[in-house]
Amino acid sequence: MIYDKHIFVCVNQRAPGAARRSCGEAHGLTLIDALKKELSKREIKGKIRVQKSGCLDICDFGPTLVIYPQGTFYVGVTVDDVPELIEREFVQNERLERLILERKG
């Protein structure tokens, strides 16, 4: 495997006036940049791949990303959350519980 983990960040953009919001409108690309910078700063960028994703179909929860191989979905993520997310997920190998999508049923 080339990378230990992948971070897919939704950057989907719905048409203007669409009934549902989209992650791309809510700083999806900015999140990608912030994640890459934080990984580089911590010298773990080569182990983690950050990339764009199309719609993950949970935009109602706010900007969304998913980390594989474990399949952890984080929702409502802001640029301010990035340092804590990287610290927890990739340094401490823990989950950032306050941003995890709760599965119902």
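Read the figures in this text as sums done on the coordinates, not as results from a lab. Note that the structure is a prediction, hence the values are computed from the model and not measured. FYI the Cβ positions are ideal-geometry reconstructions off the backbone, even for glycines, and counts take in every protein chain you see.
Each Lys or Arg adds one and each Asp or Glu takes one away; over the other residues whose Cβ falls under 13 Å from the Cβ of ILE32, this sums to +3.
Given +1 at the Cβ of Lys and Arg, -1 at the Cβ of Asp and Glu and no other charges, the dipole of the range 1-78 around its Cα centre is 220 debye to the nearest 20.
In this simple spin-label approximation, ARG42 and TYR68 carry label points 7 Å from Cα along the Cα→Cβ vector, and these lie 2.1 nm apart. In this rough spin-label picture, where each label sits 7 Å from Cα along the Cβ direction, the ALA18-HIS6 distance is 2.1 nm. Could you point to the residue in GLY71, PHE90, LEU101 farthest towards the positive end of the chain's charge dipole, with +1 and -1 charges on the Cβ of Lys/Arg and Asp/Glu respectively? After comparing all options, I get GLY71. Only lysines eight or more places from LYS5 in sequence, or on another chain, were considered; those with a Cα closer than 23 Å are LYS36, LYS37, LYS41, LYS45, LYS47, LYS52. Other residues within the sphere of radius under 11 Å centred on the Cβ of VAL75, judged by their own Cβ, net out at -2 (K and R +1, D and E -1). Compared with the dominant principal axis of the Cα atoms in the chain, helix 28-41 is inclined by about 10°.
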